[in-house]
Amino acid sequence: MVEKIRLAQGAGGELMDNLIKDKILKYFAGKSNSAEIPLSMLDDAAVIDDIVFSTDSHTVQPLIFPGGDVGSLAVCGTINDVSVLGAKPLALSAGFILEEGFSVETFEKIVKSMGKYSEGAGVPIITGDTKVVEKGAIQEFMINTSGIGKRSEFLDSNIREVTRYRQFNQRWLLDSNLEKGDKIIVSGNMGEHGIALLSFREGYGFETKMKSDVAPINDLMKNALLTGGIVSAKDPTRGGLANTVNEFSEKSKIGIILDEEAIPIPNGVRSACDMLGIDPLEIGNEGKVVIGVVKEKADDVLSILKKHSFGKNAAIIGEATDTMNGVVLNTVVGGKRILHKPIGDPVPRIC
Ligand code: MG
C-alpha cells in the first residue's frame, strides 16, 4: 500500500517528529552540514558562522481572525524563533503563494499587516518571492518567512550571570540546556491564540471575546537577557506549553515538575477547553516564550518580564528536577498527572 501523508504529521506533535526524523534529517546531514546548531537538533533556529537562521510556513484558516492575520503570524513567528536562541533578529524574507482568484484586497490587507508588524518589531522584510498557482492547487494563500539574526549583544553577559551560579558550557539558549533546580517561567497567558481562532472559525460564540496573542517577543527577550541567568527559551506554538516543556525535558534529559495553579490560563480559554474537551496546555500560542533560568535569577527575570507590555501575566510555573523523568503536573486538586507530548494537534491549522 502506498503510504500517504496524514494531516496529523504536520501538527507539531510526536507524529510530525517521526516524519522529520525518518524522512528528512538523514538526507540533509551531509559533510557540508557543519552548522554549530544543526537541523538535527530541531531547535527553534539553526546557527552557522554565528548567523542564526530560521524558517516557517503559515497555512492558517481563516486568514484574518480576532487579534491578527496570517501576515502578523508569519512575521512574529519567525522573529520569535530567531529571538529564543538568544539572537537579535536582523531581517526577514517573505515568500507568497497565491491561489488564482484570491481577493487582491485581502492580499493587500495581509501584506500591509506584515509591514506594520515588521516595522513595529524593528525587523525589516528585505527579500521575497511571489507565485500564483491555478485554482485548487492550494487553499487561498500561503506565506513562508525566513529570518536571520546575530548574537544578541546581551547574550554573553547573560551567560556570565548563569556561570556565577552553575557550570554552563553552551553558547546559545538551547532546549537541551536545563539542569536540576532551573526554574521555568512563562511570559503570559496560555491558549489564547488557538482558542480565539478556533472559536471564530467554528462559530462557537463563546461569551468572552477572545483575541489571538500574536506578538513579536524580540524586545521582551532582550530585556530578559539583560537581566541574565537564562539558559533556555522556546516559543510555545504548535502543541502549546505541553510540547515545549516536553522538548525541554527530552533534550535536557531531565524531569520537569509544573505547578498547574501557577500556569496563567484566562477563564475564557479554560471554559472553552472544558466545553470542547481539549487541554489548554496543548493549545498553540503566538506571542509567548517559555524560559528556563537559574533559580537564583528567577525572581529578577520574572519582574522584568512583568514590566513589559507583552509579559504582564508572566509567572514562574515549575522547575527542572532529577528525581524523575518526563513532565509531571501538580494539579489544582492536589494530585499528579503526567503531561505528555501532544500526539497530534487538538486545533488544526492555527498557524
Ligand atoms: Mg519555535
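The values are calculated or read from the model by the stated rules, or taken from the named source; none is laboratory data. On a predicted model such as this, the values are computed, not experimentally measured, just so you know. Cβ placement follows ideal geometry from the backbone for every residue including glycine, while neighbour counts extend to all protein chains displayed. Ligands, DNA and RNA are stripped out before the accessible areas are found, and what is left, the full protein with its side chains, is counted by its heavy atoms. Shrake-Rupley method; radii C 1.70, N 1.55, O 1.52, S 1.80 Å.
Quick check: is even one residue across the range 331-342 within 17 Å of the chain's Cα centre (by Cα) and at pLDDT below 95?
yes
For the range 176-197, give me each residue that is crowded, with 24+ Cβ neighbours inside 10 Å and charged (D, E, K, R).
Result: Asp182, Glu192.
Would you call Ile143 open to solvent by less than 60 Å² (accessible area, probe 1.4 Å) and either away from the ligand (no atom under 16 Å from the Cβ) or over 22 Å from the mean Cα position of the chain (by Cα) (or both)?
Answer is yes for this residue.
For the structure I just gave you, tell me whether Ile148 is in a strand (DSSP E or B), away from the ligand (no atom under 16 Å from the Cβ), farther than 17 Å from Thr59 by Cβ and open to solvent by 30 Å² or more (accessible area, probe 1.4 Å).
no
Kindly indicate the residue of the range 210-251 that is at positive phi and within 13 Å of the ligand (Cβ to nearest atom) and also modelled with the lowest pLDDT among those meeting that condition.
Top of the filtered list is Gly239.
Find the residue count for the range 271-284, including only residues that are open to solvent by less than 10 Å² (accessible area, probe 1.4 Å) and assigned to a helix (DSSP H, G or I).
3
Which residues, taken from the range 242-265, are in a helix (DSSP H, G or I), farther than 20 Å from Val347 by Cα and not hydrophobic (A, V, I, L, M, F, W, C)?
Ser249, Glu250, Lys251, Ser252, Glu260, Glu261
Could you say which residue among Gly287, Gly292, Gly268 is part of a strand (DSSP E or B) and small (Gly, Ala, Ser)?
From the options Gly287, Gly292, Gly268, the qualifying one is Gly292.
If I filter the range 134-148 for residues that are out of contact with any Ser or Thr (no Cβ under 8 Å at 6 or more places or on another chain) and basic (Lys, Arg), do I get at least one hit?
Yes: one or more hits.
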